[in-house]
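The structure appears below as C-alpha cells.
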Amino acid sequence: MSIVLQLAYDGTNFFGWQKTKEGPSIEESLEKAISEILQHDVLLQAASRTDRGVHAKGQIVHFLTEREVEPKKLLLGLNALLPADVRVVNASNCSPSFHPTLDVTGKEYRYTLALGAAQQPLFRHMAWHVPKFRFGEDVVDAIPHLVGERDFKAFCNERKGITYSSTVRDLQMINLEEKDSLLTFFL
C-alpha cells in the first residue's frame, strides 16, 4: 500500500524535519509511531525539510507498506502515539509512484514579524521579534522586484558535494498582512 499523510506541527522542540544526532526530529517521531503500528520500519519521503524550530500546517509525507492499512485508523493510531506538538491531519491511499517532492505543484511559506515594543508571549514561538522594523512604502515597493522567476542561489546551503539542478524558482506571489502588531509575509 502507498500512504500519504498531511502533518501539522509546532517545531519549537524539534531539530527540524530530518533525523539528526543533535536532537529530536519530526521524521524520527513519525517513523517511530508508524513502525510501532505497522510492526516494520518505513522509509518516509517528505515534501520539504524544515529547519530547527520551524512549524508546519500541511507538510506532505509518503511511505510504502506491505500491510493492509485503513487510513482513518492509521490517523487515529498515529495521533495517539505522536507527541502533542505533532499531528497527522489527514491520511489517505495514493499511487505508489507518488513522490511529495517531485509531484508538488506549489508551497506556501509564512514569515511573521512581531513589531511591538515587547514580544507577546503567545507569539514567541511563531514570530520573529523585530521592534525597530519600520513597515512602510519601501517594503511594499520592493515586492514586485522579488516576485517572478528568480535565482535563489544565495539562499542555498553550500555544502561540499551538494549540487542543484537549478536554483531558479518561480515566486508567484508575496502578500502582506498587518494585524495586532504582527506583520506576516505570505509567499
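The values are calculated or read from the model by the stated rules, or taken from the named source; none is laboratory data. Note that the structure is a prediction, hence the values are computed from the model and not measured. Backbone-built Cβ (ideal geometry, glycine too); neighbour counts: all protein chains shown. These area figures cover heavy atoms from the full protein model, side chains too; ligands, DNA and RNA do not enter into them. Shrake-Rupley method; radii C 1.70, N 1.55, O 1.52, S 1.80 Å.
Leaving ligands, DNA and RNA out of it, rank H62, H99, H125, H145 by accessible area with a 1.4 Å probe, largest first.
Working: H62 5, H99 50, H125 80, H145 135 Å².
Correct descending sequence by accessible area is H145, H125, H99, H62.
Would you kindly calculate the mean projected area, averaged across all directions, of the convex hull enclosing the Cα atoms of the stretch 94-135, in square nanometres?
Values: hull surface 20.3 nm².
If I average the Cα hull's projected area over directions, I get 5.1 nm².
Mind running the shape call on the stretch 115-159? Use the C-alpha gyration tensor, a ≥ b ≥ c as the square roots of the eigenvalues: rounded below 1.5 for a/c, prolate if a/b tops b/c, oblate otherwise.
On the way: a/c = 3.20, a/b = 1.46, b/c = 2.19.
Oblate.
Any chance you could run the full-extension gain for H125 through D141? It's 0.36 nm times the residue separation minus the Cα-Cα distance, nm to one decimal.
On the way: separation 16, 0.36 × 16 = 5.76 nm, distance 2.88 nm.
Contour length minus Cα-Cα distance gives 2.9 nm.
Using only the Cα atoms of the stretch 7-145, what are the Rg and Dmax in Å?
18.2, 57
Classify the stretch 63-183: rounded, prolate or oblate, from the alpha-carbon gyration tensor (a ≥ b ≥ c, eigenvalue square roots; a/c under 1.5 rounded; otherwise prolate if a/b is larger than b/c)?
Details: a/c = 2.47, a/b = 1.41, b/c = 1.76.
Oblate is the answer for the stretch 63-183, as a/c is 1.5 or above yet b/c matches or exceeds a/b.
Would you grab the residues whose amide H sits under 5 Å from the one on N90? Only those 5+ places off in sequence or on another chain, please, with H modelled 1.01 Å from N.
Q6
Starting with the highest mean, order 53-61, 87-95 by the number of other Cβ atoms within 10 Å, averaged over the residues of each peptide.
Numbers: 53-61: 17.6, 87-95: 15.3.
So the peptides 53-61, 87-95, ranked by packing, come out 53-61, 87-95.
Report relative contact order for the chain in percent, whole number only (criteria: Cα-Cα under 8 Å, sequence separation at least 6). Provide the component values of the computation, followed by the final result.
Values: 309 pairs, mean separation 39.6, N = 187.
Over the chain, the number comes to 21 percent.
Can you list residues whose amide H is under 5 Å from Q59's amide H, if they're 5+ apart or on another chain and H is modeled 1.01 Å from N?
Hits under the 5 Å cutoff: L7.
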